[in-house]
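Q: Before I ask anything, let me first share the structure, which is written out below as structure tokens.
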Amino acid sequence: QILGDDHPETLRSANNLASDLHALGEYEAARHLNEDTLRRLRQILGDNHPNTLRSANNLANTLNQLGDYQAAREWLEFAQGHHT
């Protein structure tokens, strides 16, 4: 409410929540939140920002748990390829 939906700190919290959902085995909920958060981070902070790369890595881990290995690999390669 105070910072807004697209503030970097709000998005960091959303990314953390997605990680918590993943840890609880709530993979579909984690995937949806990760996808939304990653989309926003890419728009606001860009592809090379550490928060964006962390979110891409988290999405890859969740997709892996869901058995979507190709998409997981693509996001992992994105995260590793943009690491500075």
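Q: Within the set of pairs 6 or more residues apart or between chains, which connect a residue that is more than 9 Å from Ala79 (Cα to Cα) and at pLDDT below 95 inside region 45-57 to a residue that is of a type outside the set (Gly, Ala, Ser) and surrounded by fewer than 16 Cβ atoms within 10 Å (Cβ to Cβ) with Cβ atoms less than 8 Å apart?
A: Leu45/Pro8; Asn51/Pro8; Asn51/Arg12
Q: Taking into account only those residues within region 45-61 that are among the small types (Gly, Ala, Ser) and closer than 19 Å to Leu21 by Cβ, which is farthest from the chain's Cα centre (by Cα)?
A: Ala60
Q: Can you tell me how many residues within region 13-30 are in a helix (DSSP H, G or I) and either among the hydrophobic types (A, V, I, L, M, F, W, C) or at pLDDT below 90 (or both)?
A: So the answer is 7.
Q: Against the conditions (1) open to solvent by 70 Å² or more (accessible area, probe 1.4 Å); (2) at pLDDT 90 or above; (3) not β-branched (Val, Ile, Thr), where does Leu3 fall short? Just the number, please.
A: (2)
Q: Pairs, please: C-beta under 7 Å, at least 6 apart or cross-chain, first residue in contact (Cβ under 8 Å) with a residue 12 or more places away in the chain and closer than 21 Å to Leu17 by Cα and in region 62-79, second open to solvent by 40 Å² or more (accessible area, probe 1.4 Å) and among the hydrophobic types (A, V, I, L, M, F, W, C)?
A: Leu63/Trp75
The values are calculated or read from the model by the stated rules, or taken from the named source; none is laboratory data. Fair warning: this is a prediction, and the values are worked out from it, not measured in the lab. Note that each Cβ is placed from the backbone with ideal geometry, even for glycine, and that neighbours are counted across all protein chains shown. SASA here: full protein model, heavy atoms, side chains in, ligands and nucleic acids out. Shrake-Rupley method; radii C 1.70, N 1.55, O 1.52, S 1.80 Å.
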